[in-house]
Amino acid sequence: MSYGIIIMTDSYRLNKVKLTRQQAFCIAIAFSIGVVLNFSLNLPHAYWISMTIALMFCYTGRGSIIRRSKSRILGTFLGLFFAFLFINTFMYSDYRWAYLLPFIWFLAWCFYCITNNYTIYVVLITMFIPLCFTISSSNSYVFLLNNTLAIRFIFTLIGVSIALLCEFTIYKKADLSFRYFKREIRNYFSNVGDVLNLCNKSFIHGVALDKKFAGEIKKQMNKIVSLESLYLDMAYEYYDWVDNKPQELAVKKLFISIEEINFRLRKIICILGHEDFDEAVCTKENFLEIVNIITYKYKHIGYYFYGRVDDATEVIDSLIKIKNSRLASTYLYCKEMYILSKVFDDYSSFIYKTFNETELKPVESVLN
Amino acid sequence: MDTIKKIFFLSNFFRFIHSYDPTSEYFINALKFTIPGCIGIFCLIYFRWPSNFLIFFSPPIIMAGTLFYIDYKNKIINMAVVSLEMMIGQFVICVFYKHQVVLIILLFLLFLVIYGSRKYRMGGGFAVIQIAVCLGFPPGWYNGVEGCIGILIGFIISIISLLLFEYFTARFRMRSSLRDCKIIN
């Protein structure tokens with residue numbers, strides 16, 4: 001199964017609203033099939049089919065859905081086994097065992113949040129629902145181990161099959177993890193742009209960093225986690241992933257760039273806590289103009305993926321060459337901004353050259 | 001400190017300690033999923049409400065939707081949207097249970113709306129789980145309204161829990177996250 005060369009640069013051309021609607025249609029069809037089966041089978045636990053479909057589509061991305069299919073089946077089996085074992089062995093003899101449930105629930109969630117293992121998540125959800133029913137229901141005879149375990153497991157298999165069938169037939173290109181990956185790349189760079197913007201304001205105008213800054217940092221961390229997770233999912237979508245050298249190199253370059261950008265941002269944040277901007281190096285207006293261009297670059301990476309080039313890196317490099325202020329925080333700030341700009345230029349030009357055959361556009365001057 | 005760690009080969013030990021740091025996000029998230037449910041069970045037992053298990057089933061689902069948002073405003077809006085979706089789903093299923101074609105069409109439209117919204121689809125995905133579970137509930141107007149009341153109480157419990165959690169844990173959680181991504185030592 002091959003999708004041909006996957007172009008990294010088309011992140012600006014995605015019609016997100018259209019894709020979301022297509023995907024919503026696919027999920028709604030899958031769920032409706034589950035509801036129809038629920039009514040037509042007319043069995044006590046047939047709602048499990050619709051619930052499995054809902055859980056399968058809970059996190060978006062085809063790679064994610066394929067990856068989670070196996071975990072869902074295994075997790076359901078283990079979850080049902082543990083839940084019914086708990087009910088039939090412990091709670092059957094003494095109801096006070098139920099007091100232990102919140103503690104088990106808490107420990108299991110801790111374990112899931114640390115490991116991020118989807119199988120554990122499924123075990124938890126699977127245990128939770130029958131246990132809730134048992135606690136609230138007076139007629140516990142409906143939870144006989146053998147029948148319920150077998151029927152619910154079969155329903156899970158049916159639910160997983162329906163979800164996969166719909167995912168691969170109805171608007172099959174609407175929910176690719178690779179699309180989300182590309183979108184997250186743009187979001188990540190845009191977020192870095194926002195962080196830089198706040199840092200610039202703080203450094204040049206002496207505006208104190210507030211909760212907004214903390215929020216942006218938090219967003220940035222989420223983007224990195226999301227990119228890593230989507231990267232893992234993509235391997236399940238493209239079976240020729242390993243052979244696709246340009247693509248592999250592009251992703252490798254992306255993660256190296258992210259690591260460097262994070263390191264430089266950390267240094268910038270450290271500089272902010274010290275001295276303010278020193279006008280001996282450059283006027284405030286000029287400096288603001290240069291750093292704003294770097295911020296703009298990060299916020300609009302799409303243009304640079306299409307071959308746009310500027311001379312912000314060279315201009316800020318000329319500021320670093322003023323040697324009489326090497327220890328000043330302004331010099332250190334310039335240096336970090338220079339590296340950030342250089343990392344960005346390297347990455348965007350690499351993407352452009354790898355996926356386009358035409359030459360880069362003429363360099364645009366940042367200073368009028 | 002780094003040198004000391006290297007000398008005594010303690011870096012692995014510190015990494016282990018940091019990953020299981022109780023001020024970290026995982027611990028708070030686990031509490032978020034446990035405490036509101038426990039409060040729901042307490043309410044159910046103490047006030048002797050009829051067997052409406054949605055009071056303790058809905059808070060973890062409502063709370064799960066908040067994980068995808070950073071600011072309070074979006075978290076609260078998302079919680080309200082998830083609760084509303086759950087209530088509509090519960091009510092529609094209970095009322096139209098005997099009119100299956102109408103029910104399927106209504107649910108189809110509801111899911112189109114839930115998953116078609118780009119902003120609230122992640123939280124809405126959790127609401128759909130609860131809607132699916134509702135298919136196993138006893139039908140009827142009375143049960144539908146009772147379920148809606150259960151979800152409403154669950155929403156109130158969740159929102160109080162969220163505000164308390166954010167108030168007490170925001171500061172050290174932020175510090176822990178910053179340390180985790182190596183922005184501070």
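The values are calculated or read from the model by the stated rules, or taken from the named source; none is laboratory data. This structure is a prediction, so every number in the text was calculated from the model and none was measured. Because the Cβ atoms are built from the backbone with ideal geometry, glycine has one as well, and the counts that use them run over all protein chains shown.
Here are the numbers:
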read-out: Residues (hydroxyl-bearing (S, T, Y), more than 8 Å from chain B (Cβ to nearest Cβ) and within 26 Å of A:Y231 (Cβ to Cβ)) located in the range A:24-71; value: A:S64, A:S69, A:S71
read-out: Which numbered condition B:S177 misses (of (1) modelled with pLDDT under 85; (2) within 24 Å of B:N74 (Cα to Cα); (3) more than 8 Å from chain A (Cβ to nearest Cβ); (4) not in a loop (DSSP other than H, G, I, E, B)); value: (3)
read-out: Subset tally (residues that are crowded, with 16+ Cβ neighbours inside 10 Å, among the small types (G, A, S) and under 18 Å from A:V291 (Cβ atoms)) for the range A:192-235; value: 2
read-out: Conditions (1) modelled with pLDDT of 75 or more; (2) more than 9 Å from every other protein chain (Cβ to nearest Cβ); (3) assigned to a helix (DSSP H, G or I): number failed by B:I105; value: (2)
read-out: Candidate set from the range B:44-59 (those that are assigned to a helix (DSSP H, G or I) and in contact (Cβ under 8 Å) with a residue 24 or more places away in the chain); member that is nearest to B:I114 (Cα to Cα); value: B:S58
read-out: Qualifying residues in the range A:249-305 (those that are aromatic (F, W, Y) and closer than 14 Å to A:F203 by Cα) - the one farthest from the other protein chains (Cβ to nearest Cβ); value: A:F287
read-out: Helices (runs of 4 or more DSSP H) contained in the range A:40-153 and holding at least 2 residues over 22 Å from the mean Cα position of the chain (by Cα), farther than 19 Å from B:G125 by Cα and at pLDDT below 75; value: A:118-136
read-out: Among the candidates B:V82, B:V113, residue that is under 15 Å from B:A132 (Cα atoms) and within 22 Å of the chain's Cα centre (by Cα); value: B:V82
read-out: Test: residue in the range A:203-216 that is among the β-branched types (V, I, T) and within 22 Å of the chain's Cα centre (by Cα); value: no
read-out: Boolean, B:F47 is of a type outside the set (D, E), modelled with pLDDT under 85, under 23 Å from B:P138 (Cβ atoms) and out of contact with any helix residue (DSSP H, G or I) (no Cβ under 8 Å at 6 or more places or on another chain); value: yes
read-out: The range B:108-148 - residue that is charged (D, E, K, R) and in a loop (DSSP other than H, G, I, E, B) and, of those, nearest to A:Y180 (Cα to Cα); value: B:R118
read-out: Test for A:K173: is it surrounded by fewer than 20 Cβ atoms within 10 Å (Cβ to Cβ), modelled with pLDDT under 80 and away from chain B (no Cβ under 11 Å); value: yes
read-out: Failed condition for A:Y347, given (1) at pLDDT 85 or above; (2) under 26 Å from A:F277 (Cα atoms); value: (2)
read-out: Single residue of A:C166, A:C199 found to be closer than 30 Å to A:S329 by Cβ and either within 13 Å of chain B (Cβ to nearest Cβ) or assigned to a loop (DSSP other than H, G, I, E, B) (or both); value: A:C199
read-out: Selected residue (only one of B:I62, B:I28, B:I39, B:I35 is more than 10 Å from the chain's Cα centre (by Cα), more than 10 Å from every other protein chain (Cβ to nearest Cβ), assigned to a helix (DSSP H, G or I) and farther than 14 Å from B:G147 by Cα); value: B:I39
read-out: Residue match in the range B:82-89 (condition: surrounded by fewer than 21 Cβ atoms within 10 Å (Cβ to Cβ), of a type in the set (S, T, N, Q), more than 15 Å from A:A54 (Cα to Cα) and more than 9 Å from chain A (Cβ to nearest Cβ)); value: no
read-out: Residues located in the range B:108-140, provided they are more than 10 Å from every other protein chain (Cβ to nearest Cβ) and either of a type in the set (S, T, N, Q) or farther than 29 Å from A:L19 by Cα (or both); value: B:P138, B:P139, B:G140
